[in-house]
Amino acid sequence: MHQNTNKLSSVELSRYARHITIPEFGMEGQLKLKEAKVLVIGSGGLGSPVLLYLAAAGVGHIGIVDFDIVEDSNLQRQVLFNVNDVGKFKAETAKARLEALNPYIDIAVYETRFSTENARELVQQYDVVADGTDNFPTRYLVNDACVLEGKTNVYASIFQFEGQVSVFNYLKEDGTRGPNYRDLFPEPPPPGLVPNCAEGGVLGVLPGIIGSMQASEVIKVITGVGEPLVGRLFLFDAANFTTRILKVSNNPATKIEGLINYEQFCGIVPPSAQKAVKEVSVQELNELMIKGNDFQLIDVREPYEFDIANLDGELIPLASVTYAANKISRDKKVIIYCRSGVRSANAIRELETLFGFGNLYNLKGGILAWSKEIDSSVPTY
């Protein structure tokens, strides 16, 4: 561990010379970075550039919250990792990479899910929080924990070609706080309306662009240099290279009195509480195919996923499956599949609830299980 002092060593003076040379930044700004404590939640797409640039900039204490492991599909955008890291825990791997980049900072690792049980305890130990999460329950949890603990939340999100950045709950000179995430989004979108990056995809360079902006806002908040994105939401569209800034105001009706059940708040039903659906294994499906049995096979993934790998099922994406109920047979076995079996199970629950189907079967494990147990040439993307 490297203990920070109130001055920079000769090595650090050389390392951070390009910062110190900036008149508005100078030695004072660099010392503020050295003394700062930043908690980065998530070390994936956004977390990768945020962590790299905060470490390079000389932020003295960095905390990393991430319980996930590195997968092949991460390497298209999560530039902290390489092929040798696949299968390793992200947080520890990130720490090793950052220490190799800058050995003059302290890095703490929390290989745990950010939850209502630990959120406030983690947040209260840091000056600034950088939210690199990719789901609504955790975003609301990060926001509420920051509000309750009086910490600034530097927010960013990405999807396909679009990104957002803002600074929430910022302490102003007059002692008041700027808007928080709930002032912008009082209620989460209905479950399933907004697909995540795994379902909808993300341009590989987009996290680098947006994550670098997020890191820049963290540095501005710490040093007081420049004007942070307080009361403003920055929007970026990489496809058209357009930007917009929307004004965000404090909403007097926003009340945050404690942490809540965020899965429930966002309308997400835990697996244990979900209605069971009938299933078939990939071995059973393979046998039906070999024997030439009469059944209907439906794929509820997105078209781009279908183009990568499919089992010759009829493509009806999950978002449109209820509108295509008339295409689904009622007088023979219907097997529905997706990548892992989650979306297909949800499709069956919707169809059974709305239309009373009784002949629908979920392919257990989906494409992933098919590739692993039946045909390894099928890509799992």
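Taking a point 7 Å out from the Cα of Phe161 in the direction of its Cβ, the residues of the range 229-257 whose backbone N falls within less than 18 Å of it are 235-245. Once both labels are positioned 7 Å from their Cα atoms along Cα-to-Cβ, the gap between Leu171 and Lys278 label points is 6.1 nm.
Principal-axis analysis of the Cα atoms of the chain puts helix 26-35 at an angle of about 50° to the longest axis. Where does helix 90-101 land angle-wise versus the long Cα axis of the chain, in degrees 0 to 90, nearest 10? The two axes meet at around 40 degrees.
As a quick test, which of the pairs Lys278/Lys332; Lys37/Lys88; Lys327/Lys364; Lys7/Lys32 have an alpha carbon distance above 19 angstrom in this structure?
Numbers: Lys278/Lys332 14 Å; Lys37/Lys88 26 Å; Lys327/Lys364 22 Å; Lys7/Lys32 10 Å.
Over 19 Å apart, Cα to Cα: Lys37/Lys88; Lys327/Lys364.
Available extension along the chain between Leu315 and Ala96 is 74.5 nm, counting 0.36 nm per residue and deducting the alpha carbon span. Each helix, a run of at least 4 DSSP H residues, gives -39500 (n - 2.57); summed and divided by the residues of the chain, these come to -9500 deg cm²/dmol at 222 nm.
Calculation over all alpha carbon pairs of the range 10-268 in 10 angstrom steps from 0 returns a P(r) of 7, 31, 38, 20, 3, 0 percent.
Among beta bridges identified by DSSP and lying wholly in the range 9-160, the antiparallel ones come to about 5 percent. Packing here is the average count of other Cβ atoms within 10 Å per residue, and on that basis the peptides 204-217, 15-28, 109-122, 363-376, highest first, run 204-217, 363-376, 109-122, 15-28. Based on alpha carbons, the Rg and Dmax found for the range 272-373 are 12.6, 36 Å. First check a/c for the range 102-223, with a ≥ b ≥ c the square roots of the eigenvalues of its C-alpha gyration tensor; if it is under 1.5, answer rounded, and if not, answer prolate when a/b is larger than b/c or oblate otherwise. Rounded. In this structure the amide hydrogen of Gly231, modeled in the peptide plane, comes within under 5 Å of the amide hydrogens of Val167, none closer than 5 places in sequence on its chain.
Comparing mean-square fluctuations of Phe81, Phe234, Phe357 from a GNM of the chain with C-alpha springs under 10 Å, the top value falls on Phe357.
Values quoted throughout were computed directly from the atomic coordinates according to the rules given, and no laboratory measurement underlies them. For clarity, every value in this text was computed on a predicted model and none was experimentally measured. Because the Cβ atoms are built from the backbone with ideal geometry, glycine has one as well, and the counts that use them run over all protein chains shown.
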